[in-house]
Amino acid sequence: MRQQKIRASLLAATLSLAAASSSSSSAPARRERLRGLRRLGTNNADEQNQPSLPAFDRSVEFSGGGEGCANFAWTVDRDEDGNGTWTASFESGVGADWVAIGLSPDGGMRGSDVLAVVPTSGTTGEANDTYRVLDMHVPSYDKLEGGSLTSPPTPENDVHGQDVELLVAQRNGDGRIRAVVRRKLGVFTGDDAQSGAQEAREEDLPIVDGRQHVICASGPMTTEGDGGGDGVAVGTEMRMGYHGHRRGAAYVNLVRDDDEDGAKNDDQKKGATASAAAEGHNSVLGNLMLERTMQVPGSGCADVKWTVDRVSRKLVLSFRSDVGADYVGIGLSEFGSMKGSDIAIVKRIPDGKGGVGFEVEDTISTDFVRPRKDTLQNVELLHANIDEHGRIRAVIRRDLDTCDRDDLAVGSYKQYLICASGQMDDAGDILYHGPARRGMALVNLAVDEELLFNRNLPSSDEVGVGVAPSSFVGSEGEGTAQEEGNKADPGLTFHEGDASGSPVAIDVQMPGVTLNSKEKTHYMCRIFTLPTNVRTVAYESVWGADGATVSADTQQPDYLHHQSLFQCEDGVDLPSQDENGVFDCLDAMPNCDAKINYAKSRVLTAPSGIHIPLEKGTYLLLVHYDNPRGMPIRDDRSGLRLWAEPPNMPSSTTPGQVMIGNANLDSIRIPAASSSSSQQEYEIQFQISGEATRDVLPPSGVQVFASGMHMHKMATRSRLSVIRNGVHVMDAFDTLSYDFDMQTPTWKPWRLLPGDALIMTCSYRRHPDHMVEGGLRTSDEMCLFGLAFAPALPQSVTGVGFAVEKGEPFRRSFLGPISEVESTDSRWSFHYLNYSAANYEPDPVTWDGVVPLNEHRSDLCELVVRDRGKMPRIVPSEATIAGQIVLIGTFFFVVLTGMWSRIREMKCERKRRNAVIYLGQLLFGTVALPFFIVALDEVFHPQSSFDAVNPNSFTAVRTLLVAQTLLFLLELFYRIGVRAEVAAHHLFTSGLVIFLHVALDKSYAFHAVFKMGVLLMLMALTDHPVNLALLLKNLGYAHRKWWPRLCRAAGVLYIIAKLVLAGLTINAMVETARGEDASWRIPNHSFSRWMPDGGGDETMSATTVIAVTAVLLLGLLSSQMYVGFVLWKLGGIYERRRLQQQQGKTSEERGTFKKAGSFKTTTRRRRSSRQQVLPDGTDRTGDLSEEEETEHPMRLSESLAGA
């Protein structure tokens, strides 16, 4: 069993589909189909061996258009206890060798119970083949470390009983296998039910009264001799080959008909309850006017409607789930699949009252696993209810750009919108939705491109029949085919167009190739001649005879990896080919230039003003077959369908071009994973030099309209960075993930200029066992980007770089026509270019000299997030930080200069604190003053406006301003015995700072308010003379001869400075009052559209700002004038005191000999003049006596702290 599991890869079909919600047929059509099934069961069976078949009373259509299985009908026979049997009839896809049907717990492979009808021996594809049935199950997924799916789940035969009976199995005339099987409703196994009961429950799923996921698939049989490769072994040599896209699913109640017996009323009751619970949201729906609508292909969701509100930068999205779903998810995807998707999931939850409630989760998925809930929830649920059809109807809202790495931004270009519906388990976790209950569309949510710019391509049913090239071209016009060109090469089909001018189709296909399925990788090429010029406007994958099947109709074969079209110049050495021009080009590729590339995508359409020109001449079609499951590839007709402008009509579009840039494959080396390595992801980078684009691109550059990437199965994500003049200006793409099976381009437009360097970064998982090297096989790796741009260059261009590990210097690069490179190697020139041909030096050489992406410009996301959270930028100039830096610097300054010891030795606590305040204000003012003087120069001109002030200057000044006011306020608590004039000064200053912040917030008159703030703050900062004089006094220098003069000079300078600054402030207010300051036109005009009330009531007027500022200015100026006056008086008092002491000393010396007993008195007076020590030990040397200061009306020395 283990060997079967390892070798197999595949009935993956059966389950790789997830459960699908199915649409039941109308009653008349269903009755007719059931009658036909009963006739088919009896007419084609041998009456002697044919068991009697019941009447099938139920039927449903599977998803997949009947390619997996069709005509599914059944009946249930059960007793009162619920025991009974289930009999089902179903048919395979046309030409299949086996067909399987089964149940799945979640619509996926894991845990599914499958009934496979397979040939008993060999298969001839004829009606006489015989069949048997296998009861199988899928136990689990095979996964690599990290959870990435590396191979499909593989069914295994049940070992505890084959619990199914085959009633009918035969091939019909239309090539389908028709089978009828019967099984029990419950889990029952073999003769010994007791011994294997637990194991049986793990192998079989019961049929219950409720909706269940039914899955089906059909496919080929392979043998060892046919190179079957991996597959499910069903005999000694036979294997079930992988079904590929031939699969289907349904989500249905097999026991009861919900539509007929009223069981669906349960959902209707729940819907009523949910609607009642959501009553508060009814106003949302009633007032909801959505601008655009679309139907997403598939049954994942319906009625998708939305509005992009550019004013609030919000997306409002309305949608419905599939019938009976427990959840519905919708979101954006990088590639159109689960990988790299941002999904909002609306789920049913109990409301706690016996009814149904709803919640929304913002999730991300980077792999094919259950989406992970985002750390930040950026989706708002506006409304949810259950409608009358049992569908969830939801309305959500999100920001266009949430600035969250886990979310994809809504852009003004085409993006992939995905959705899905499904069920939830008992724990409330979502289950896999399945292949049918999902949908995907390519749409521009912001601009209605489909209406304004899109081309409408004819459907495959409208494509005309194949015609000769001369009929396709017409009799006139450039590029008319010559008579000998009228017979097209095999596999080249020109379809007849109509008279409407719609694009016409040209199919370029392999002429029918059969490959050895033992080989996993094939590169097949075909040389053909294009007999006329073609203006291609779109292209897609095509397969089947004469373009019978295209990607617009259904999913392409799983073995088809990618197709490319190359133009080969005259004289190119072409390898030997068969009679149809086909050859194996894996190891021998001619030196041709790539024109078109297509990989596992949908129809790729150029913008309405662009076409990709293909000039007549020799071309090469390349098809890469990736066949790890060993699927039979017989008579394959894979290729490309080119949609072209009608050749007989003049073109009104601009020629465009496709360019490939890739890393030389020999330079790619991905080391194996190491247990000692903490980093299991590995990055490589290569560069297309700025020097190269400077030589190749036109002076105006080119407009890129699509970008893509290509790697193989170890790849996890990629990024294409644009470096311009040493600055990382943008990323063309920076993906969350990478989907090897959905290699769709991103349609973000951007401009590529000459001199721009392109740096491609590719990230990979490390293989656990061995190094992975660059190569063409999917087990090897690549690192490649593609750009589609206009206008076209004069010649084809291919870029080749040489990969380096992240952090290493870049190597040289090549950019130009690959056909001009001389090559002696038979390998692909643009994949294995010799390093000597790389003629452009790296520019830049490393990342070290490149300015990072968000450093050279204001990043909108950072501004939005900081504003939303009221978060300041924490830098050294920020207020709270600056204040601490100043205090720390002050501390070290006073310690290192010895000043701290002198302050500490003061025995008067009040004087010690005052000295600390004076010193701190001196240092802070010295630091802050230059910034304010520079800022004053910036705001001098009254006609300057909002953006006249340097934001960096504003940040620094605002920081210092706030720090100064904080120091003032802290000073009021630190002082002992604060004088009224000091408190008034500090409080007026702080009030002005607070008011000016409010004024700026309310008016946006940035220049005017900032100017007044700078002037008013300068009035508070120009205190150096005062602080210096008072600090020296407290340090004991007041008795010096020069100190009184210094004090009086400080008072004069202080008053003059304040008056000058007050005059400038008054002048600024006068300019504002006269309307001369341009800043006040900001709220009333420039910003009036989005400011509150257009600059109305909530906006602070210039008059209000002037009035409040004038009052606060008057209070501040009054307190400052008073302080200046006190300084003048204080200097005079100390000067008189000094003179009196000198006069007293002279008088004492004259009276020494007059009175012998006067010696003690004289000595006492002299000592008193030199040293004054109070009873508490306070040293008052050189200071006024306590009585003198008390007598003075202003106790000057204590009233001037920091003023």
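Residue check: is VAL821 over 11 Å from GLN687 (Cα atoms) and at pLDDT below 90? For VAL821, the condition - over 11 Å from GLN687 (Cα atoms) and at pLDDT below 90 - is met. On the stretch given as segment 565-610, residues that are within 30 Å of ASN444 (Cβ to Cβ) and surrounded by fewer than 15 Cβ atoms within 10 Å (Cβ to Cβ) total 2. Here GLY849, GLY786, GLY807 are screened, and the one residue that is on the phi > 0 side of the Ramachandran plot and outside the structural domain of GLU334 (by TED's automatic domain parsing) is GLY807.
When ARG904, ARG857, ARG866 are screened for being at pLDDT below 70, surrounded by fewer than 17 Cβ atoms within 10 Å (Cβ to Cβ) and part of a helix (DSSP H, G or I), only ARG866 passes.
Yes/no matrix, rows are residues, columns are (1) under 50 Å from the mean Cα position of the chain (by Cα); (2) touching a residue at least 12 places away in the same chain (Cβ under 8 Å):
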site	(1), (2)
GLY991	yes, yes
LYS1011	yes, yes
MET1019	no, yes
LEU1032	no, yes
TRP1042	no, no
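Among the residues that make up segment 975-983, is at least one of them buried (at least 19 other Cβ atoms within 10 Å of the Cβ), over 15 Å from LEU1031 (Cβ atoms) and at pLDDT 80 or above? The answer is yes, given that some residue of segment 975-983 is buried (at least 19 other Cβ atoms within 10 Å of the Cβ), over 15 Å from LEU1031 (Cβ atoms) and at pLDDT 80 or above. Figure legend. Inter-residue proximity from segment 341-366: first residues without any contact (Cβ under 8 Å) to a residue 24 or more places away in the chain, second residues among the polar types (S, T, N, Q) and surrounded by fewer than 19 Cβ atoms within 10 Å (Cβ to Cβ), beta-carbon distance below 9 Å, spacing 6+ or different chains. Indicated pairs: GLU361/GLN377. Does segment 370-393 include one or more residues that are touching a residue at least 12 places away in the same chain (Cβ under 8 Å), basic (Lys, Arg) and touching a Lys or Arg at 6+ places or on another chain (Cβ under 6 Å)? Taking every residue of segment 370-393 in turn, at least one turns out to be touching a residue at least 12 places away in the same chain (Cβ under 8 Å), basic (Lys, Arg) and touching a Lys or Arg at 6+ places or on another chain (Cβ under 6 Å).
Considering (1) of a type outside the set (A, V, I, L, M, F, W, C); (2) in the same structural domain as MET771 (by TED's automatic domain parsing); (3) crowded, with 22+ Cβ neighbours inside 10 Å, the lone condition that GLY639 does not fulfil carries the number (2). Residues of segment 491-544 that are assigned to a strand (DSSP E or B) and of a type in the set (Gly, Ala, Ser): ALA505, ALA538, SER541. If ASN253 satisfies all but one of (1) touching a strand residue (DSSP E or B) at 6+ places or on another chain (Cβ under 6 Å); (2) at pLDDT 50 or above; (3) in the same structural domain as ARG393 (by TED's automatic domain parsing), what's the number of the condition it fails? Among (1) touching a strand residue (DSSP E or B) at 6+ places or on another chain (Cβ under 6 Å); (2) at pLDDT 50 or above; (3) in the same structural domain as ARG393 (by TED's automatic domain parsing), the lone unmet condition for ASN253 is (3).
Taking the options VAL187, VAL164, VAL138, name whichever one is within 20 Å of SER112 (Cβ to Cβ), modelled with pLDDT under 85 and over 40 Å from the mean Cα position of the chain (by Cα). Let's see the steps before the verdict.
Values: VAL164 fails: modelled with pLDDT under 85; VAL138 fails: over 40 Å from the mean Cα position of the chain (by Cα).
Only one candidate qualifies: VAL187.
The rows are residues; the columns are (1) outside the structural domain of HIS245 (by TED's automatic domain parsing); (2) free of Cβ contacts under 8 Å to residues at least 60 places away in the same chain; (3) in a loop (DSSP other than H, G, I, E, B).
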residue: LYS595; (1), (2), (3): yes, no, no
residue: SER608; (1), (2), (3): yes, no, yes
residue: ILE612; (1), (2), (3): yes, no, no
residue: LEU622; (1), (2), (3): yes, no, no
residue: GLY630; (1), (2), (3): yes, no, yes
residue: PRO646; (1), (2), (3): yes, no, yes
residue: PRO650; (1), (2), (3): yes, yes, yes
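Each row is one residue, and each column tells you yes or no for (1) in a helix (DSSP H, G or I); (2) at pLDDT below 85; (3) farther than 30 Å from LEU1130 by Cα; (4) not charged (D, E, K, R).
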position	(1), (2), (3), (4)
LEU961	yes, yes, no, yes
VAL993	yes, yes, yes, yes
LYS1002	yes, yes, yes, no
LEU1016	yes, yes, no, yes
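Please work out if VAL346 is hydrophobic (A, V, I, L, M, F, W, C) and modelled with pLDDT of 85 or more.
Values: hydrophobic (A, V, I, L, M, F, W, C): yes; modelled with pLDDT of 85 or more: yes.
The answer is yes for VAL346.
Quick check, is VAL369 modelled with pLDDT of 90 or more and of a type in the set (Val, Ile, Thr)? Quick ask: steps written out before the conclusion?
On the way: modelled with pLDDT of 90 or more: no; of a type in the set (Val, Ile, Thr): yes.
So VAL369 does not fit the description; no.
The values are calculated or read from the model by the stated rules, or taken from the named source; none is laboratory data. Computed from a predicted model, the values in this text were never measured in an experiment. Virtual Cβ from ideal backbone geometry, glycine too; neighbours counted across all protein chains shown.
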